[in-house]
Amino acid sequence: MRRIRPRRSPAVPLLLAVWAGAAAVVWLWWMDTPSIADNNGRILNAGRITGLLAGYLMALVVLQMARVPALERRVGSDRVARWHAMTGRYTICLVLAHLFLTMWGYALQSGKGIGGIVQQTIDSVNTLPDMGKAAIGTGLLVLIGFISVGWLRRLIPYDTWYHVHLLTYAAVFLTFWHQLSTGNDFAVEPVAKTVWYGLYGSVTALVLWYRILSPIRLNLKHRMRVQAVIEETPGIVSVLISGRKLHRMGAEAGQFFRWRFLAPGMRFSSHPYSLSAAPRPNMLRITVKAIGDHSAALRDLEPGTRVWAEGPYGALTAGKRSRGKVLLVAGGVGITPMRALFETLPGASGDLTLLYRANTTQDLALWDELAAISKERGARLMYAVNSPDGERPDISAESLRRKLPDIDHHDVFMCGPPGFAQQVYDALRGAGVPARRIHHESFEM
C-alpha cells in the first residue's frame, strides 16, 4: 500500500491527438484551396471546411459511443460522456453551417441569391450523388440533438432517449458517403480518401467489437442470473447476481455495469448500476434506489432471471489513489460504489474515513455492513442526516477540517447527486484538498 502509484489518465494525450487530427483536416483544406477571388468563393470554401470538420467530428462522436476500455476505465465514463455531448453539439453546428454555406454558394452560382437556398437544397438532393442519404442523416442528427437538450431530455423517459440516440450510427452511415462522392478534397487527394476510409473503418471496428461482440462473449462465458432480491430500506433493494467465474470479468470496486434483466417489460432496457460490494468468484451485487420505472421494477425480479451485462466501466477505482489516507463521501444511493471501496481499499487502522449523507437515519442503506467493515478495519464511519425539523447538516470547509484536521493530505472519493457533489467539491477545495485528489464520476450531460 505504501508504494502507491496512481494510474495516469490518458485524457491529455488523447485531447492532443484530437486537436492534431483537426489541424490535419484544416491543412488538407488549405492545401486544396486555390486563391479566392470573390465572395462566392469565400462562401463555398467556408462550406468546405465546415463540412470536413463535421465529418471528422462525426467519427469522434461514434468513437466516444464505442465504450473502449481505455476511455471508459482510464479517462472515466462521465468524462467521456461529457466529451460525447460536447462533440455532438459542435458536430450539429458544423453540419448546419456546412449545409447553409454550401447551398448559399451554389445558389449564388445559379443566380438565385440567398433567397433561393431552399430551392437549391431541393435541387441538390435530387441531382447530386448520395445527397438524399445525407439529407436523411442530417435530419436524424438534428432530431437527436434536439431531444438531447437539457430540459427536454429530462422530460423524455430514459429508454426512449437511449434508443433514439442509437440512431446516431445510422445518421453517420448515411452522411458518410456524400463526403467522398461530392467532396473535392477526396477527389483530388487519393491519400486523403484512404485515410478517411481508415478513420471510419477503425471506428466501425471498435464499435462492433466493444458494443456487440465483446458483450456477447462476456455473457456467454459467465451466464449470469438473479439469485435473490433483498430490500435494504424502503425504496432501496440489493440484487444478488450469480454466475461462473465472475472474478475474471476484471471488475473492480467502484465500477459499474450496464444491466439488462431478461424479465417481462425489462428486456429492452439497459441501465447503469454500480457494484455495491467487491466482486466475488460467483457473486456480484448491485444496490438500487427506486427512482424510475426500471429501478422500481427490480424489487419484483424472480430468482433465476437471466441477466445480460456490459462492462465493467468507470474509473472511480483504487487506481486513482495517490495518498495513504482516504476520505470516502457518499450521498444517498451514491453509497453503492463507496461501500465497495470502503471494503477493499488497502489501509492501516485510521487511514480510511467514510462520510455518508442521507435525509434520515432510515435512509442509511447498508449501514449494518458499513459498521461491521468499520469495526473490522479500524476505519472511521460518520453520517450526516437532516435534523428532526428538516434542517440540513453543515458540510463546509470548516466542518470538514474540524472532523479531519489533516484533510488536505487525503485523497477523496465521492459519489452522489450532482448538487450534493458540487457542494462537497467546493467544501473540499476550501479545505485545501487539491482538485487532482478529488475523484468522482457524474453522469449528468
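The values are calculated or read from the model by the stated rules, or taken from the named source; none is laboratory data. On a predicted model such as this, the values are computed, not experimentally measured, just so you know. For neighbour counting, all protein chains shown are included, and Cβ atoms are generated from backbone atoms with ideal geometry for every residue, glycine included. When the accessible area is computed, the model is the full protein with side chains, heavy atoms only, and any ligands, DNA or RNA have been set aside. Shrake-Rupley method; radii C 1.70, N 1.55, O 1.52, S 1.80 Å.
Keeping to region 115-158, report how many residues are outside any helix (DSSP H, G or I) and under 26 Å from Trp83 (Cβ atoms).
4
With respect to Ser295, determine if the residue is among the hydroxyl-bearing types (Ser, Thr, Tyr), over 17 Å from Thr336 (Cα atoms) and either in contact with a Cys (Cβ under 7 Å, 6 or more places away or on another chain) or modelled with pLDDT under 95 (or both). Break it down into steps so the answer makes sense when it comes.
On the way: among the hydroxyl-bearing types (Ser, Thr, Tyr): yes; over 17 Å from Thr336 (Cα atoms): no; either in contact with a Cys (Cβ under 7 Å, 6 or more places away or on another chain) or modelled with pLDDT under 95 (or both): yes.
In short, no.
Check whether at least one residue in region 403-410 is open to solvent by 100 Å² or more (accessible area, probe 1.4 Å) and within 32 Å of the chain's Cα centre (by Cα), and report yes or no.
yes
Among the listed residues Phe413, Phe443, Phe420, which satisfies the condition of being open to solvent by less than 60 Å² (accessible area, probe 1.4 Å), aromatic (Phe, Trp, Tyr) and either out of contact with any strand residue (DSSP E or B) (no Cβ under 6 Å at 6 or more places or on another chain) or at pLDDT 95 or above (or both)?
Of Phe413, Phe443, Phe420, the one residue that is open to solvent by less than 60 Å² (accessible area, probe 1.4 Å), aromatic (Phe, Trp, Tyr) and either out of contact with any strand residue (DSSP E or B) (no Cβ under 6 Å at 6 or more places or on another chain) or at pLDDT 95 or above (or both) is Phe413.
Helices (runs of 4 or more DSSP H) wholly in region 346-445 with at least 3 residues that are under 23 Å from Gln255 (Cα atoms) and out of contact with any helix residue (DSSP H, G or I) (no Cβ under 6 Å at 6 or more places or on another chain) - which ones?
Working: elements: 367-377, 397-403, 418-430.
Once the helices (runs of 4 or more DSSP H) in region 346-445 are filtered for at least 3 residues that are under 23 Å from Gln255 (Cα atoms) and out of contact with any helix residue (DSSP H, G or I) (no Cβ under 6 Å at 6 or more places or on another chain), what remains is 367-377, 418-430.
Any chance region 336-355 includes a residue that's within 30 Å of Leu155 (Cα to Cα) and surrounded by fewer than 21 Cβ atoms within 10 Å (Cβ to Cβ)? Give the steps one after another, and end with the answer.
First, the residues of region 336-355 that are within 30 Å of Leu155 (Cα to Cα): 336-338.
Retained after the next criterion (residues that are surrounded by fewer than 21 Cβ atoms within 10 Å (Cβ to Cβ)): none.
No, region 336-355 has no match at all.
Write out, first by first residue and then by second, each pair whose Cβ atoms fall under 7 Å of each other, whose residues are 6+ apart or on separate chains, and whose first residue, in region 29-46, is open to solvent by less than 80 Å² (accessible area, probe 1.4 Å) while the second is small (Gly, Ala, Ser).
Correct list of pairs: Asn40/Gly105; Ile43/Gly105; Leu44/Gly105.
(1) under 30 Å from Trp27 (Cβ atoms); (2) aromatic (Phe, Trp, Tyr); (3) surrounded by fewer than 16 Cβ atoms within 10 Å (Cβ to Cβ): which one isn't true of Tyr162, the others all being true?
Result: Tyr162 fails condition (1) only.
Looking at (1) open to solvent by less than 10 Å² (accessible area, probe 1.4 Å); (2) free of Cβ contacts under 8 Å to residues at least 60 places away in the same chain; (3) touching a Lys or Arg at 6+ places or on another chain (Cβ under 9 Å), find the lone condition where Ile286 falls short.
Only one criterion is unmet by Ile286, namely (3).
Only residues that are more than 21 Å from the chain's Cα centre (by Cα), surrounded by fewer than 23 Cβ atoms within 10 Å (Cβ to Cβ) and not in a loop (DSSP other than H, G, I, E, B): list them for region 301-328, please.
Across region 301-328, the qualifying residues are Arg306, Lys325.
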